[in-house]
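K.L.:
Take a look at the following structure, please.
The values are calculated or read from the model by the stated rules, or taken from the named source; none is laboratory data. Predicted, not measured: the structure shown is a model, and the values here were computed from it. Ideal geometry is used to build each Cβ from the backbone, glycine not excepted, and the neighbour counts take in all protein chains shown.
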Amino acid sequence: MKLHFKKFGSGPPLIILHGVFGSSDNWKTLANHLMSTFEVYLVDQRNHGLSPHSDDFNYQVMTDDLKELLDDEQIEKYSLLGHSMGGKTAMNFAIQYPEKIIKLIIVDIAPKRYPPRHQNILKGVHSLTLHEINTRKEADDLLSVTINNAGIRQFILKNLSRNPEGLFYWKINWKAIEDNIQAIGEPLLSHAVFSGKVMFIRGAQSDYILNEDEPLLKKHFPDAVLITIKKAGHWVHAEQPAQLLALIKQFIKYGKR
């Protein structure tokens, strides 16, 4: 599958993968700060953003998509950063193609199994009848019945767009994601190991990576370190961008963590 992506700046390549329900645009602000140091690739994973839709949706096909993109771009080695679902894609990619990875950065996701977490978001999306909605405010009001966090609602509404006739439509493939929601929570295979340098970053207010997960991180990624960013939840890049930027630059350029 030919993924949609944007490329910024110059320097050592840095590939960034967004999380579920997100898109490359979620990382545009950070890319603007990173582009003076790196050649940044912001990638829309399948069924998200402007990338094609498919009923097939799991980490192997997403890994294959990324390999195809980077082969097309003729990049031999690169650093890879993934947030949440993108972090799971990045882990799988690094394990399958370790010779390609300079540094691996995983933001707020562990290599373990996660039960479905987003039922209120899916319920809210199902409550919208798009041809009856005239404004984003109307969509936001309807979503607020099931999603009380305004920030999450705005995050979801970034996937709402208008066609040439002015009617709303979803850029995201909700059906494929919902049909494969169990696959998004799948762990790494038990024997999977990547021996390169890895930095896991978690938000102190997030429960995605727990203290008891550290042995599992080390099992799959022996040269990994876990960094906690204070006053941040799951969306670390939106809540503490300056701290995250500093960690990314230090780790990739100097190996300091």
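K.L.:
Tally the residues that are at pLDDT 95 or above and either assigned by TED's automatic domain parsing to the domain that holds H234 or among the hydrophobic types (A, V, I, L, M, F, W, C) (or both), restricting the search to region 157-167.
P.N.:
Count: 2.
K.L.:
Only one of these conditions is not met by I147: (1) part of a loop (DSSP other than H, G, I, E, B); (2) assigned by TED's automatic domain parsing to the domain that holds M85; (3) of a type outside the set (D, E, K, R). Which number is it?
P.N.:
(2)
K.L.:
Quick check on region 61-109: of everything there that is part of a helix (DSSP H, G or I), among the β-branched types (V, I, T) and in contact (Cβ under 8 Å) with a residue 60 or more places away in the chain, which residue is nearest to L14 (Cα to Cα)?
P.N.:
Residues of region 61-109 that are part of a helix (DSSP H, G or I), as a first pass: 61-72, 85-96, 98-100.
Among the residues that remain, those that are also among the β-branched types (V, I, T) are: 61, 63, 89, 95.
Filter once more, so that each one left must be in contact (Cβ under 8 Å) with a residue 60 or more places away in the chain: 61, 89, 95.
On the way: V61: 21, T89: 15, I95: 17 Å.
That would be T89.
K.L.:
Can you find, within region 155-188, the residue that is surrounded by the most Cβ atoms within 10 Å (Cβ to Cβ) among those that are of a type outside the set (K, R) and over 20 Å from the mean Cα position of the chain (by Cα)?
P.N.:
Here is the first cut: in region 155-188, the ones of a type outside the set (K, R) are 155-157, 159-161, 163-170, 172-174, 176-188.
Right, trim to over 20 Å from the mean Cα position of the chain (by Cα) and you get 161, 163-169.
Numbers: S161: 12, N163: 8, P164: 5, E165: 6, G166: 7, L167: 12, F168: 19, Y169: 13.
Within region 155-188, the match that is surrounded by the most Cβ atoms within 10 Å (Cβ to Cβ) is F168.
K.L.:
Turning to a different aspect of this structure: All but one of (1) more than 16 Å from the chain's Cα centre (by Cα); (2) surrounded by 15 or more Cβ atoms within 10 Å (Cβ to Cβ); (3) over 20 Å from N58 (Cα atoms) hold for Y97, so report the exception by its number.
P.N.:
Against the list (1) more than 16 Å from the chain's Cα centre (by Cα); (2) surrounded by 15 or more Cβ atoms within 10 Å (Cβ to Cβ); (3) over 20 Å from N58 (Cα atoms), Y97 comes up short only on (3).
K.L.:
Do you know which of the residues in region 189-224 that are outside any helix (DSSP H, G or I) and of a type in the set (K, R) is farthest from H126 (Cα to Cα)?
P.N.:
The initial filter retains those residues of region 189-224 that are outside any helix (DSSP H, G or I), namely 189-210, 221-224.
Right, trim to of a type in the set (K, R) and you get 197, 202.
Numbers: K197: 42, R202: 30 Å.
In this case the residue turns out to be K197.
K.L.:
OK, next. Go through the residues of region 118-132 one by one and say whether even a single one is modelled with pLDDT of 95 or more, surrounded by fewer than 16 Cβ atoms within 10 Å (Cβ to Cβ) and among the basic types (K, R).
P.N.:
No, the conditions are met nowhere in region 118-132.
K.L.:
Ok, one more. Go through region 153-188 residue by residue and tally those that are in contact (Cβ under 8 Å) with a residue 12 or more places away in the chain, in a loop (DSSP other than H, G, I, E, B) and either within 30 Å of D223 (Cα to Cα) or in contact with a strand residue (DSSP E or B) (Cβ under 6 Å, 6 or more places away or on another chain) (or both).
P.N.:
Qualifying residue count for the region: 6.
K.L.:
Would you point out the residue of region 189-218, among those that are in contact (Cβ under 8 Å) with a residue 24 or more places away in the chain and charged (D, E, K, R), that is surrounded by the fewest Cβ atoms within 10 Å (Cβ to Cβ)?
P.N.:
Taking the candidates together, the pick is D213.
K.L.:
Quick check on N26: is it more than 28 Å from P222 (Cα to Cα) and under 13 Å from the mean Cα position of the chain (by Cα)?
P.N.:
When the stated conditions are applied, N26 passes them.
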